[in-house]
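Each remark here refers to the structure printed beneath this line.
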Amino acid sequence: MITIETIINAPIDQVWKAFNSPEDIVKWNQASDDWHCPKAENDFSTEMQQQGWQAILNSFKNYVESKQ
C-alpha cells in the first residue's frame, strides 16, 4: 500500500475550495512548469470519483506488476 499526503498550512475551508474549484485547479494541477492544465471540471459524485481514481490506480498497479 502507498499513502501520499501533505500538510497545508491554511484554513480547511480555503484548502477545500482550492482543491475543488475549477478556477483554482487550473492554477495548481501540474507537477512542473512544463505541464499545463487549461481546463478543469468537478463532479462531486463520490461514486464517479472513486471509480475513476480506482481505475487509474488499477492501471498503475497492473503496469508495475507486469514489469516484474
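So, by mean Cβ neighbours within 10 angstrom, what's the order for 3-14, 20-31 with the highest one leading? All intermediate terms of the calculation are to be shown ahead of the outcome.
Details: 3-14: 6.7, 20-31: 11.8.
Top to bottom by mean Cβ count within 10 Å: 20-31, 3-14.
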Problem - Contour excess over end-to-end distance, with Cα ends at residue 43 and residue 2 and 0.36 nm allotted per residue - result: 12.2 nm
Practice task
Compute the long axis of helix 46-66 from its Cα atoms, compare it with the longest principal axis of the Cα atoms of the chain, and write down the angle in degrees, 0 to 90, nearest 10.
Solution key: 40
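Give the Kirkwood hydrodynamic radius (Å, one decimal) of the chain, defined as one over the mean of 1/r across all pairs of different Cα atoms.
On the way: mean 1/r = 0.0688 Å⁻¹.
Evaluated over the chain, this radius sits at 14.5 Å.
Report the local net charge at residue 37: Lys and Arg +1, Asp and Glu -1, summed over other residues whose C-beta lies under 14 Å from its C-beta.
Local net charge: -3.
With +1 on each Lys and Arg Cβ and -1 on each Asp and Glu Cβ, and nothing else charged, work out how big the dipole of the chain is about its Cα centre, in Debye to the nearest 20.
Details: 5 positive and 10 negative charges, 40 e Å.
Once rounded to the nearest 20, the dipole reads 200 debye.
No value in this document is a laboratory result; all are computed from the given coordinates. Here the structure is a predicted model, which means the values were calculated and not measured. Reconstructed Cβ throughout: ideal geometry from the backbone, glycine too, with neighbour counts over all protein chains shown.
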